[in-house]
Amino acid sequence: MSVAYLFPGQGSQLPGMLHSLPAHPSVKEMIEEANQTLQQDILSLDSEEALKSSTNVQICLLTAGVACASALKAEGISPDYVAGHSVGAFSAAVTSGVLTFSDAIKIVRLRGQLMENKTPAGYGMGVVVGLSEKKLTSIVEQIHTESTPLYVTNRNSPDQITISGSIDSIKKALIEARQAKARKAELLNVSVPSHCPIYSHISDHLESHLQKINIYDPEIPYISNLKARRLFKKEDIISDLAKSISSPVLWHNVTTTLYELSVRLFIEMPPGQVLSDLAKQSFPEARSIAASVSGLKTVQVLAKRELSL
């Protein structure tokens, strides 16, 4: 029996997410390190207004995930595996020992800035629930044009899939998805078309920067966004982190791989519960909890019980 930490990506952010982290010395240390590294008060970045910035969202998500994992480590709890969705993969990489937190937060800030500065107005993402990938792909391919591109992106579950590209094309696809009896088809609260070829140049830029910092082989097994397999070498993880922004996240495959590796307790780091809900839907016989909902003490008790089995 094994335990996996899951780190959420954009879409999970909530106003006040850093302020609602556990009152733990390790959390305070992470906040102070972030302040010193970025030379700003990151507690000012989690207001509703500040979270309109993709850069601020990504900084807050990284900090929240790493801080909670650090607090659990201080209490004697470490996972058997880590995985993160999109920018959450950077939290997973820090927790696994591949990157230092200070290096990761600088790269994540750069990632956010590149996404904001290199994206024209009128782009974003949508989510469709209740259609097969084949059916949604057919809809997307009929709508996609060079001037208004559209791509099938993250495979979060067998019937929850995101699309990225031109807002006009996304809206057309969502209408067709509803007509095809999708249970849900709506725009996501993001202003960037993540995980598609539009961001290939950003992947190249990130990889160049990642290659200039100190990186280490993982101490805790890391599961890839792109291949949904365990990566053993630091170079492969750096490539995964860089290329994820321009490639689909195979999240359902990630959780399936973890389950096949005997994970029976999925713990989602703050601030959300989307990933733990997805794991619960796919593997109801396993236990899936969100630290932001259950609380640090409950997570400690469940993790210690699972790790002792």
Enumerate by residue number the trypsin sites (Lys or Arg not before Pro) in the range 103-158 meeting two conditions: DSSP loop (anything except H, G, I, E, B), and at most 16 other Cβ atoms within 10 Å of the site's Cβ. Lys118
Among GluC sites (Glu not before Pro) in the range 249-293, those in a DSSP loop whose Cβ has at most 13 other Cβ atoms within 10 Å are Glu285
So how far, in whole Å, is the C-alpha centre of the range 35-106 from the one of the range 154-196? 27 Å
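Using the beta-carbon distance between Gln39 and Ala121 and R0 = 41 Å, what value does 1/(1 + (r/R0)^6) give for FRET efficiency, to the nearest 0.05?
On the way: r = 30 Å, r/R0 = 0.72.
Efficiency at R0 = 41 Å is approximately 0.90.
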Residue-wise, which Karplus ³J(HN,Hα) couplings in Hz belong to the range 290-307, taking 6.51 cos²θ - 1.76 cosθ + 1.60, θ = phi - 60°, and x for glycine or proline? 10, 4, 5, 9, 7, x, 4, 5, 4, 4, 4, 5, 5, 5, 4, 5, 5, 5
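Among Lys28/Lys73; Lys171/Lys280; Lys184/Lys280; Lys118/Lys212; Lys73/Lys227; Lys28/Lys106, which pairs are too far apart, with a Cα-Cα distance over 24 Å?
Lys171/Lys280; Lys73/Lys227
Report the charge-dipole magnitude of the chain in Debye, nearest 20, computed about the Cα centre from +1 at each Lys and Arg Cβ and -1 at each Asp and Glu Cβ.
On the way: 29 positive and 30 negative charges, 134 e Å.
Value, rounded to 20: 640 debye.
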Taking Cα atoms, how many degrees apart are the long axis of helix 133-143 and the longest axis of the chain, rounded to 10 and kept between 0 and 90? 50 degrees
Where the accessible area of the chain is counted over protein heavy atoms with a 1.4 Å probe, how much of it, in %, is carbon and sulfur? 48 percent
Just going by the charge dipole of the chain, with Lys and Arg at +1 and Asp and Glu at -1 on Cβ, which of Ser78, Thr148, Ile220 is farthest out on the positive end? Thr148
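Report, in deg cm²/dmol and to the nearest 500, the calculated mean residue ellipticity at 222 nm for the chain, where each DSSP H run with n ≥ 4 adds -39500 (n - 2.57) and the sum is divided by the residue count. Each step should come with its number before you reach the end.
Values: 12 runs with 142 residues, N = 309.
Calculated from helices alone, the mean residue ellipticity at 222 nm is -14000 deg cm²/dmol.
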Identify which of the listed values of Cα Rg over 2.2 N^0.38 Å was calculated from the structure shown: (i) 1.00; (ii) 0.95; (iii) 1.26. (ii)
Report the charge-dipole magnitude of the range 123-191 in Debye, nearest 20, computed about the Cα centre from +1 at each Lys and Arg Cβ and -1 at each Asp and Glu Cβ. 280 debye
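If exposed means no more than 14 neighbouring beta carbons inside 10 Å and the site is in a DSSP loop, what's the longest run of the chain without any exposed chymotrypsin sites (Phe, Trp or Tyr not before Pro)?
Working: sites that count: Tyr216, Phe232.
In short, 1-215.
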Straight-distance crosslink candidates among aspartates and glutamates, where the alpha carbon sits under 16 Å from Lys52 and sequence neighbours closer than 8 are dropped: Glu116
Within the range 1-35, what residues put their amide N at less than 20 Å from the label point 7 Å along the Cα-to-Cβ vector of Ser53? 9-20, 31-35
For the chain, set up a GNM with springs between Cα atoms under 10 Å and report which of Pro284, Pro248, Pro149 has the largest fluctuation. Pro284
Once both labels are modelled 7 Å past Cα along the beta-carbon direction, what's the Ala180-Glu133 spacing in nm? 1.4 nm
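The values are calculated or read from the model by the stated rules, or taken from the named source; none is laboratory data. Predicted model, so just to flag it, every value in this text is computed and none were measured. Note: ideal-geometry Cβ built from the backbone for every residue, glycine included; neighbour counts use all protein chains shown. Please note that ligands, DNA and RNA were not included when accessible areas were found on the heavy atoms of the full protein model with its side chains. Shrake-Rupley method; radii C 1.70, N 1.55, O 1.52, S 1.80 Å.
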